[in-house]
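Just so you know, all these numbers are worked out from the coordinates, no wet-lab data involved. Every value quoted in this text rests on a predicted model; they were computed, and no experiment measured them. Cβ placement follows ideal geometry from the backbone for every residue including glycine, while neighbour counts extend to all protein chains displayed.
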């Protein structure tokens, strides 16, 4: 398979189905509640395009810049596809590879937070942490593994992780991962996967190394591009409060917390 990529390294999109409301995505009830509880109001551009093909089981390439909601895109779709039972230990069904420990931890928090009501078990398998913790978590049972390539390969080599149980395999920030020299490790992990594993690739750019991965790993992939000039603040409303005196600001902030439901907040201060 060969992908036609222009010189500016943008994908040629082949998917146009847009769903502008989480309620219209036919998601599990507990997952939908988890999305709203986590603070989401409406899908971002990449979420409105990218969740559906992943849920349908299609290999998917999503190209979008940082801060567009890519993490929640694959997190929501993977959570929808998981088979979670109330009996017996959890079985690994999805693996997410990230280039850094920080990104792996972030994806773990997002997936755990959104999937809390589903009872999903997510484990961050990353370097710089005790190997014994990974072994204990994997033996206890998890549904999703989020990891860095080196530690994931270590667990495979120790026989603690069977990649063939994975139904979904996601490469997050693939361009950064390959630029950091993880190419050989990624190929080793893929060779251990089931031949029918669904591959999801998330990347901000499409250099030759990433294109090589898509050609070797993916089958007739859905291609989604969200350019920078298409980014919008979907679901975000903006207001300001004019405080007549400097010392009124803190009390005004407290009043806001008392009167409205605040799920997540970032407060900027000048000192």
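Compute the angle between helix 101-114 and the longest alpha-carbon principal axis of the chain, please, reported from 0 to 90 degrees and rounded to the nearest 10.
Computed tilt is about 70 degrees.
I'd like the per residue volume of the convex hull spanned by the Cα atoms of region 138-241, given in cubic angstrom.
Considering the Cα atoms of region 138-241, their hull volume per residue is 176 Å³.
Please state the relative contact order of the chain as a whole percent: Cα pairs under 8 Å, 6+ residues apart?
Relative contact order here is 27 percent.
Over the residues of the chain, compute the C-alpha Rg and express it relative to 2.2 N^0.38 Å.
Against the compact-globule rule of thumb, the ratio is 1.08.
On a 0 to 90° scale, report how tilted helix 208-217 is relative to the longest principal axis of the chain, with both axes built from alpha carbons and the result rounded to the nearest 10.
On a 0 to 90 degree scale, this one is about 60.
Among 203, 165, rank each residue by its count of other Cβ atoms within 10 Å, from fewest to most, as a rough exposure measure.
Least crowded to most crowded, the residues run 165, 203.
By counting other Cβ atoms within 10 Å of each Cβ, how are 166, 111 ranked from fewest to most? All intermediate terms of the calculation are to be shown ahead of the outcome.
Values: 166 22, 111 27.
Ranking 166, 111 by Cβ neighbours within 10 Å, fewest first, gives 166, 111.
Quick check on the exposure proxy: order 246, 215 from fewest to most C-beta atoms within 10 angstrom.
Fewest-to-most Cβ neighbours within 10 Å comes out as 246, 215.
Using R₀ = 22 Å, calculate the FRET efficiency as 1/(1 + (r/R₀)^6) where r is the Cβ-Cβ separation of residue 238 and residue 267; round to 0.05.
0.90
Using per-residue counts of other Cβ atoms within 10 Å, averaged over each peptide, order 97-104, 172-179 from highest down. Each step should come with its number before you reach the end.
Values: 97-104: 20.1, 172-179: 21.8.
The densest-packed peptide leads the list: 172-179, 97-104.
What angle do you read, to the nearest 10 degrees and between 0 and 90, between the alpha-carbon axis of helix 249-259 and the longest principal axis of the chain?
Orientation of helix 249-259: about 70 degrees from the principal axis.
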